[in-house]
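Chemist: Quick one: the structure is below, questions incoming.
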Amino acid sequence: MKKVKTAVVGASGYTGQELLRILLQHPGVELVCATSRQYRGERLSDVFPRFRGVPGAELRFTAADAAGVVASGAEAAFLALPHGVSVEYGRELVERGLRVVDLSADFRLNDPAVYEEFYGKPHADVELLKEAVYGMPEWHRQEIEKARIVGSPGCYPTSIILPLVPLLKAGLVQPQDIVANSGSGVSGAGRKADVAYHFCECNESMRAYSVPRHRHLSEIEQELSLAAKTPLRITFIPHLMPVNTGILTTIIAKLAPGASASDLTRCYEEAYGKEPFVRLLGEGVPADTKNVTRTNFVDIGWAEDKRTGRAVLMSAEDNVIKGAGGQGVHAFNIMYDFPETTGLILL
């Protein structure tokens, strides 16, 4: 198998750590660069002792600058950086011939005005934003194959878009009055010191946040509107769960007249029956985060509430793998014509 020289920019956060875990074991990857301002000069295996003895983990973190990434000889780069920072790297890396998978929000949106509305400042590279492909393999596979830059979906959006898109495309649920409630593990806040995410603040507690408008609504509504072929607005309420990783989402949507659970089952089987990382649990089977953490799978269950005429859609995923690093590697596999599951069957 050919090996692609690969860099991870911002490799010391939770998502960066999971990316390293996957890429160090990926038979098609030669890891040549991992950047971290905080750990510059230290070995990966010293910062993350779990990597001790793993081939390639003797690599040292380098300064976080685009010139250094290019100088490493990397052909591909993952950007595991905060929004507003990734965009500083995208243009130079792409113009120097690297193919980029960005895990921030900087290249997910089609409309720069929506980016400014939700992220509070104008987009710094509108032309590159217009070129970027939304990196959800299940629905944008052909565009990803040819892309120079991919904006990998957010964790919450993945858990909401995947259950809803096939049903909206098929007209089985109505696009009005959709409500999604999601809970995420604390790792979703990133690897930073913040009192709100200390153990004593999160343990044995659960709370909503970013009510009524979380930033991820922008890409959720973008993709759902494309599926429904009409502008669509949903209510989305995220919650912080007292676990390290995992996202659990429950979606309530009004069924279209005449639609039933059997229609949902048939639609899901047609849409995802051959998808390697979507596991269909079946009618009436709830998703459970314990079955997906540390994997690249998303589990989807569904039910019909005949009393109210609503569909209840349930999904679970790992927020830093299927919701971040693993999904990015899935797109990378498509970009470089590797089997899509390469490096991603994580048990």
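The values are calculated or read from the model by the stated rules, or taken from the named source; none is laboratory data. Keep in mind it's a predicted model, so treat the numbers as computed, not measured. Backbone-built Cβ (ideal geometry, glycine too); neighbour counts: all protein chains shown.
Chemist: Take Arg307 and decide whether it is surrounded by fewer than 19 Cβ atoms within 10 Å (Cβ to Cβ), charged (D, E, K, R), within 26 Å of Thr15 (Cα to Cα) and out of contact with any Gly (no Cβ under 8 Å at 6 or more places or on another chain).
Modeler: So Arg307 fails the test.
Chemist: Please determine, by comparing only the residues of the range 175-205 that are crowded, with 19+ Cβ neighbours inside 10 Å, of a type outside the set (S, T, N, Q) and modelled with pLDDT of 95 or more, which one is nearest to the chain's Cα centre (by Cα).
Modeler: Among them, the one singled out is Gly183.
Chemist: If a residue has to be in contact with a Gly (Cβ under 8 Å, 6 or more places away or on another chain), surrounded by fewer than 21 Cβ atoms within 10 Å (Cβ to Cβ) and in a strand (DSSP E or B) to count, how many in the range 241-271 make the cut?
Modeler: 1
Chemist: Say whether the condition of being free of Cβ contacts under 8 Å to residues at least 60 places away in the same chain and over 16 Å from Gly183 (Cα atoms) is met by at least one residue in the range 311-326.
Modeler: First, pick out the residues of the range 311-326 that are free of Cβ contacts under 8 Å to residues at least 60 places away in the same chain: none.
Checked against the condition, which is being free of Cβ contacts under 8 Å to residues at least 60 places away in the same chain and over 16 Å from Gly183 (Cα atoms), the range 311-326 yields no hits at all.
Chemist: Among the numbered conditions (1) touching a residue at least 40 places away in the same chain (Cβ under 8 Å); (2) not assigned by TED's automatic domain parsing to the domain that holds Tyr14, tell me where Val100 comes up short.
Modeler: Just one mismatch for Val100, condition (2).
Chemist: Quick one: what pairs do we get from the range 252-266, first residue closer than 18 Å to Pro286 by Cα and at pLDDT 95 or above, second of a type in the set (Val, Ile, Thr) and surrounded by fewer than 15 Cβ atoms within 10 Å (Cβ to Cβ), C-beta under 9 Å, 6+ apart or different chains?
Modeler: Short answer, once both residue conditions are applied: Ile252/Val179; Ile252/Thr308; Ala253/Val179.
Chemist: Just the residues that are more than 15 Å from Arg207 (Cβ to Cβ) and either modelled with pLDDT under 95 or more than 17 Å from the chain's Cα centre (by Cα) (or both), please, taken from the range 237-251.
Modeler: Across the range 237-251, the qualifying residues are Asn244, Thr245, Thr250, Ile251.
Chemist: Right, another one. Do we find that Leu98 is within 21 Å of Gly16 (Cα to Cα), among the aliphatic types (A, V, I, L, M), in contact with a Ser or Thr (Cβ under 6 Å, 6 or more places away or on another chain) and crowded, with 16+ Cβ neighbours inside 10 Å in this structure?
Modeler: Details: within 21 Å of Gly16 (Cα to Cα): yes; among the aliphatic types (A, V, I, L, M): yes; in contact with a Ser or Thr (Cβ under 6 Å, 6 or more places away or on another chain): no; crowded, with 16+ Cβ neighbours inside 10 Å: yes.
Answer is no for this residue.
Chemist: Another question, then. Quick check on my filter: what residues within the range 277-319 are under 20 Å from Pro137 (Cα atoms), of a type in the set (Lys, Arg) and touching a strand residue (DSSP E or B) at 6+ places or on another chain (Cβ under 8 Å)?
Modeler: Of everything in the range 277-319, just one residue is under 20 Å from Pro137 (Cα atoms), of a type in the set (Lys, Arg) and touching a strand residue (DSSP E or B) at 6+ places or on another chain (Cβ under 8 Å), namely Arg279.
Chemist: Checking the structure you have, find out if any residue of the range 274-285 is assigned to a helix (DSSP H, G or I) and in the same structural domain as Ala170 (by TED's automatic domain parsing).
Modeler: So far as the range 274-285 goes, no, none of its residues is assigned to a helix (DSSP H, G or I) and in the same structural domain as Ala170 (by TED's automatic domain parsing).
Chemist: Could you list, in sequence order, the residues of the range 1-43 that are modelled with pLDDT under 95, out of contact with any Gly (no Cβ under 8 Å at 6 or more places or on another chain) and under 17 Å from Leu346 (Cβ atoms)?
Modeler: The one that is modelled with pLDDT under 95, out of contact with any Gly (no Cβ under 8 Å at 6 or more places or on another chain) and under 17 Å from Leu346 (Cβ atoms): Gln17.
Chemist: Go over the candidates Thr295, Thr342 one by one and state the one that is touching a Pro at 6+ places or on another chain (Cβ under 7 Å), touching a residue at least 40 places away in the same chain (Cβ under 8 Å) and not hydrophobic (A, V, I, L, M, F, W, C).
Modeler: Thr342 is the lone residue from the list that is touching a Pro at 6+ places or on another chain (Cβ under 7 Å), touching a residue at least 40 places away in the same chain (Cβ under 8 Å) and not hydrophobic (A, V, I, L, M, F, W, C).
Chemist: Against the condition without any contact (Cβ under 8 Å) to a residue 40 or more places away in the chain, under 23 Å from Ser187 (Cβ atoms) and among the aliphatic types (A, V, I, L, M), how does Leu79 come out, does it pass?
Modeler: no
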